[in-house]
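The values are calculated or read from the model by the stated rules, or taken from the named source; none is laboratory data. Being a predicted model, the structure only gives us computed values, none of them experimental. With ideal geometry, Cβ positions are generated from the backbone for all residues, glycine too; neighbour counts draw on all protein chains shown.
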Amino acid sequence: MEVTIVKEGGFCLGVRLALEKARRALKGSGKAYALSPLVHNEEVVARLEEEGLEISKLEDIPPESPFPLVLSAHGHPASLEGEIRKRGLSFVDASCPFVLSNEKAIEKDSREHDIVYVGHEGHEEATAAVSFARGRAFLFDPRKKEEVPDGLVAPAIYVQTTLSGEEVEKALRLIREKYPDALFRKGRCRATEERQEAVKRLGDEYDLIVIVGSSTSSNARALLSTSRLFNPKALSLLALNAAAFPLEAAIGRKKAALIGAASTDDREIEEIAHLLKTL
């Protein structure tokens, strides 16, 4: 099988920086804690755990522990850092710079505006972002059928960085039906946009498109939905690694394109590419 690896895929800047910070913390102390997976990729997280990163609840970390706590790339609630300090723990903030920028802007904006945050309910980035809005935020989940509330004051719109373009367009349309003058502040990050645009450009020459990433990753799922929408003649699927790849899906396929999600290591992409080239 002929295989093309899309150059826009693989670790984004935010993930790369988060992993560098985590490994620096591990190198300095030999062990570190995390409250949740630093990134949404089981392979990457497993390697960090082998290096000494332990995922634990905050209350289970011994007070005054000498080992630092590394906070997720997806951001964290506004109150968390104070809770960590109360326990006498040190921490490393591995939040994506774009996520941090959104949080600071939301905190400032919420002094004068109600915030409409377009994101997936329960996602760490969305939960964290809404917490910075001084209680003046409404979470709009584009996957659900929900009404935009009445009475919002000069609403300002922010978007989870990993959504698909179609989710964002749907949300903006519904929000502006009720609030035509709503201010659009910040949308998807550049890495998300670049990957989705690259998938849209693949065209009809490929009969198999593989998104290499985890089903827990919002940006991986967005890539999959984008590919299925814009490349209907191809089989688009999501696979974490070569071991999890459904070989029966490749039967009869002649040309494949692979693109890694934002938290996917190049080694997983290369392993799947090697597997498909042998077919």
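Annotations
- Contact map, segment 211-240: residues that are within 18 Å of E194 (Cα to Cα) and surrounded by fewer than 24 Cβ atoms within 10 Å (Cβ to Cβ) paired with residues that are aromatic (F, W, Y) and at pLDDT 95 or above, Cβ distance under 9 Å, separation 6+ or inter-chain. Pairs shown: N231/Y206.
- Any hit, segment 82-98, residues being exposed (fewer than 14 other Cβ atoms within 10 Å of the Cβ), outside the structural domain of E124 (by TED's automatic domain parsing) and of a type in the set (S, T, Y): no
- Inside segment 17-53, residues that are within 20 Å of P97 (Cα to Cα), buried (at least 16 other Cβ atoms within 10 Å of the Cβ) and among the charged types (D, E, K, R) make up a count of 2.
- Verdict on H76 being buried (at least 16 other Cβ atoms within 10 Å of the Cβ) and either in the same structural domain as S29 (by TED's automatic domain parsing) or under 19 Å from N41 (Cβ atoms) (or both): yes
- Contacts under 6 angstrom Cβ, first residue in segment 195-206 being β-branched (V, I, T), partner crowded, with 18+ Cβ neighbours inside 10 Å, 6 or more apart: V199/L223; V199/T226; V199/S227
- Qualifying residue in segment 33-40 (condition: in a helix (DSSP H, G or I) and not polar (S, T, N, Q)): no
- Residue match in segment 110-118 (condition: among the acidic types (D, E), outside the structural domain of D150 (by TED's automatic domain parsing) and surrounded by fewer than 22 Cβ atoms within 10 Å (Cβ to Cβ)): no
- Taken over segment 203-229, the criterion of being modelled with pLDDT of 95 or more and among the acidic types (D, E) is satisfied by D207 alone.
- Screening the candidates E43, E54, E50 for the property of being more than 14 Å from E20 (Cα to Cα) and touching a residue at least 24 places away in the same chain (Cβ under 8 Å) yields one hit, E43.
- Any hit, segment 149-156, residues being surrounded by 22 or more Cβ atoms within 10 Å (Cβ to Cβ), at pLDDT 95 or above, of a type outside the set (V, I, T) and out of contact with any Asp or Glu (no Cβ under 7 Å at 6 or more places or on another chain): no
- Members of segment 228-279 that are of a type in the set (G, A, S) and not in a strand (DSSP E or B): A234, A242, A243, A244, A249, A250, G252, A261, A262, S263, A273
- Residues of segment 1-51 that are under 28 Å from I272 (Cβ atoms) and small (G, A, S): G9, G10, G14, A18, A22, A34, S36, A46.
- If the condition is being farther than 11 Å from S263 by Cα and of a type in the set (F, W, Y), then segment 11-37 contributes only Y33.
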